[in-house]
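The structure appears right after this line, and notes come after that.
Every number here is computed from the coordinates shown, using simple stated rules; none is lab data. What you are looking at is a predicted structure, and each value in this text was computed from that prediction instead of being measured. Glycine gets a Cβ as well: all are built from the backbone with ideal geometry, and neighbour counts include every protein chain shown.
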Amino acid sequence: MDDGLLDRVRDQLASESGDTTPEIIAAAIREQARGVLGDADLLVALRHLQTELTGAGRLEQLLAEPDIADVLVSGPRHVWVDRGHGLQRTDITFDDESSVRRLAARLALNAGKRLDDAQPWVDGQLSNVGRRGYTVRLHAVIPPVAADGTCISLRVLRTASKDLDSLIESGAVPPDAVPLIRHIIEARLAFVVVGGTGSGKTTLLGALIGRMDRSDRIVCVEDAAELRPDHPHVVRMVARTANVEGAGEVPVRALVRQALRMRPDRIVVGEVRGAEVIDLLTALNTGHNGCAGTLHANSVSEVPARMEALAALGGMGREALHSQLGAALDVVIGVERGRDGRRGVAEIGAVRRGAGGLVSITPVWLRGSGITDTTFLGTRERAAGVLGGDLRALAGGDR
């Protein structure tokens, strides 16, 4: 068995359509070996090619681990993982740069994408990767764009199914923040959860959805299917990227518009990444109280600037954005990942509009300090509370 034989088998399998099953691989090895391989050598070749040609190859064992969040390949000798405590280097290596590039190209093809000299990077999703069948977000870039060799980034997208009680028990939600967070949900305030990549935004959002009124119809729009809250009436819609021919794309922005027509009580956008922020703010300003979403931002105070940048992608100017933001959003919850890898709520901010019409986010609770501003109850909150009390009195016959 030599590299030439393996290369011929790879070429034959690449030219054939259909799934690469062990039977098909074994038949290709026999055909290309022309009867010169014994059973032992055939088994060795089969195992080697199965590792390279099925699933995530040598990374499959890592993706099967229950606590793996990220798998990062930076060339044939550098494979790193994140198990929730920062990056750790593994002892897994590849034979050479070509083997890493072949894996990247195959994963791209499985995601319905192309990765070659004309398209040197790919961003897509892989379904049923790893023995546990998780969805995995794929990003890969090849030379010469990646100067030191092919880079592969795999993020395991586990469904966010933790409830609020478990987050409180684990310390992700500090005890002194619990009454405020419960009030945000019960008062039907519009909120976004912000933080960096892997900080726990989606996990917290899913837990908060689970505490929403059980009679609410909640329409969730996501870029990837991560939210699976414990709620009896959740409608989930997931965006779809374009295929190899560039057709079939269904963006988040289009799904947000569809959600408005589905008689929602609350609309939740799993993650706002671009111009769909305009549609989210529009939804929040059409009487759907208690809507929510997540957003990448370093802190709650940076949310207005972040939304300005995203709204500009959709052609909305700064003044219009702040006008919509001030009318639509009530609260921003910031989460972060500490140096020890622990994730949790770090700050909560209230949306306030300044004299010039520009919106700012004022921290009203900080981890370790507690409530920092006792006047955080804004005009809309107080009005909602008073009105809610009046309606309950009317319902009870007290006129």
Within a Cβ distance under 11 Å of Leu164, other residues only, what is the Lys/Arg minus Asp/Glu net charge? -1
Please order Cys220, Cys151 by the number of other Cβ within 10 Å, starting at the fewest. Cys151, Cys220
Ranked output for segments 314-323, 56-65 by mean other Cβ atoms within 10 Å, highest leading, reads 56-65, 314-323
With the cut-off at 1.5 for a/c, could you classify segment 148-281 from its C-alpha gyration tensor as rounded, prolate or oblate? oblate
Cα centroid of segment 188-205 to Cα centroid of segment 212-249, whole Å: 16 Å
Just want the ordering: Thr241, Thr286, Thr203, from fewest to most Cβ atoms lying within 10 Å of their own Cβ. Thr286, Thr241, Thr203
